[in-house]
Amino acid sequence: MRKDILHENIAGWLFLSLNLIGYIIFKLIPIILSLIFSFCDWNLVSGLKGIKFIGLKNYINLLTDDVFIKSLVNTIVYAAATVPFSVFLALILAVVLNDKIFFKSLVRLGFYLPNIASMVAISVVWSILYMPTFGPINMFLTSIGIDNPPGWLSSSQWALISIIIMSVWQAVGYNAVILLAGLQSVPGTLYESAEIDGAGPLRKFFRITIPMLSPTLFFVTVISIIGSFQVFTQVNVMTQGGPGTSTSVLVYYIYKAAFTYNKIGYANAIGWVLFILVFIFTALQWKFSNKDSHVN
């Protein structure tokens with residue numbers, strides 16, 4: 001019996017070994033090296049011999065780096081705008097799709113398509129839509145009597161808002177599909193009992209739908225928060241952080257610091273600040289979600 005158990009354990013570890021080795025090589029070791037490099041000054045061009053330990057200097061320099069501070073503010077603003085709007089619109093869309101409508105599967109597919117499309121392609125299309133002179137959006141606004149439509153991506157006031165609008169449009173479909181799956185698991189008898197008691201649509205929505213969807217809403221919100229703090233492709237393709245630094249975000253600044261300015265240690269320090277921010281916001285969301293569940 002002991003030999004059989006030993007053989008089963010060995011076989012199990014052998015099956016797990018490929019994934020475990022891949023995780024150690026491609027994830028665990030890079031994470032550890034990233035933490036070490038964040039305390040070093042390393043110009044990528046100088047090679048491994050150019051690595052110099054400087055302690056907390058990279059983190060201290062972040063406090064006086066105007067571009068970093070602006071990127072941090074832009075990232076928080078982007079997350080604060082994108083997450084609530086995308087989750088709220090997705091919830092409304094999921095409730096609508098959960099009712100009996102014609103061509104439900106086709107409509108659901110149509111809303112989900114932006115999520116599976118290439119973000120580069122989406123960003124290029126929206127860049128054309130946002131063109132200040134010949135863009136379809138501004139041409140439409142002009143046609144309805146707006147003489148001075150926004151400059152969108154060419155305006156420091158509207159560039160970040162433009163990216164937020166596009167990101168909300170892209171994320172709503174995915175969130176709606178996840179929430180729709182959660183809605184379909186809610187027992188219909190709850191709604192029937194509420195109707196017998198005289199509850200209207202709004203009362204059923206806030207008293208049944210929201211409480212029963214709380215785990216799914218938590219999952220969608222956390223995924224949205226993590227994704228919003230990792231925004232990069234839209235900024236890189238549509239604005240390159242401009243005009244000025246009006247759309248510079250943390251991940252884009254990490255990219256610039258590492259591969260444009262060759263400051264590998266500095267880029268890793270920014271990356272760890274980003275990790276701490278995501279961890280804090282996720283922990284806060286978890287804490288408030290647990291409080292709400294206890295209240296319910």
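The values are calculated or read from the model by the stated rules, or taken from the named source; none is laboratory data. Quick caveat: nothing in here was measured; it's all calculated off a predicted structure. Please note: Cβ atoms are built from the backbone with ideal geometry, for glycine as well, and neighbour counts cover all protein chains shown. Please note that ligands, DNA and RNA were not included when accessible areas were found on the heavy atoms of the full protein model with its side chains. Shrake-Rupley method; radii C 1.70, N 1.55, O 1.52, S 1.80 Å.
A few points about this structure:
- G145 meets the conditions (1) buried (at least 19 other Cβ atoms within 10 Å of the Cβ); (2) on the phi > 0 side of the Ramachandran plot; (3) not hydrophobic (A, V, I, L, M, F, W, C) in every case but one. The failed one is (1).
- Within segment 145-198, no residue satisfies the criterion of being among the charged types (D, E, K, R) and touching a residue at least 12 places away in the same chain (Cβ under 8 Å).
- Being open to solvent by 20 Å² or more (accessible area, probe 1.4 Å) and at pLDDT below 90 holds for only one residue in Y191, Y261, Y255, and it is Y191.
- Sub-8 Å Cβ pairs linking a first residue in segment 273-288 that is of a type outside the set (S, T, Y) to a second residue that is outside any helix (DSSP H, G or I) and open to solvent by less than 50 Å² (accessible area, probe 1.4 Å), at least 6 apart or interchain, number zero.
- Qualifying residue in segment 114-126 (condition: more than 20 Å from S224 (Cα to Cα), in contact (Cβ under 8 Å) with a residue 40 or more places away in the chain and not charged (D, E, K, R)): yes
- Residue within segment 4-22 that is modelled with pLDDT of 85 or more and crowded, with 16+ Cβ neighbours inside 10 Å present: no
- Top-ranked residue of segment 204-240 - restricted to ones that are aromatic (F, W, Y) and free of Cβ contacts under 8 Å to residues at least 60 places away in the same chain, ranked as most open to solvent (accessible area, probe 1.4 Å): F206
- Meets criteria (hydrophobic (A, V, I, L, M, F, W, C), open to solvent by less than 60 Å² (accessible area, probe 1.4 Å) and without any contact (Cβ under 8 Å) to a residue 40 or more places away in the chain) for L129: yes
- Residue within segment 19-27 that is closer than 25 Å to S224 by Cα, touching a Leu at 6+ places or on another chain (Cβ under 8 Å) and assigned to a helix (DSSP H, G or I) present: no
- Matching residues, segment 185-202, being of a type in the set (V, I, T) and either touching a Phe, Trp or Tyr at 6+ places or on another chain (Cβ under 6 Å) or under 17 Å from T216 (Cβ atoms) (or both): V186
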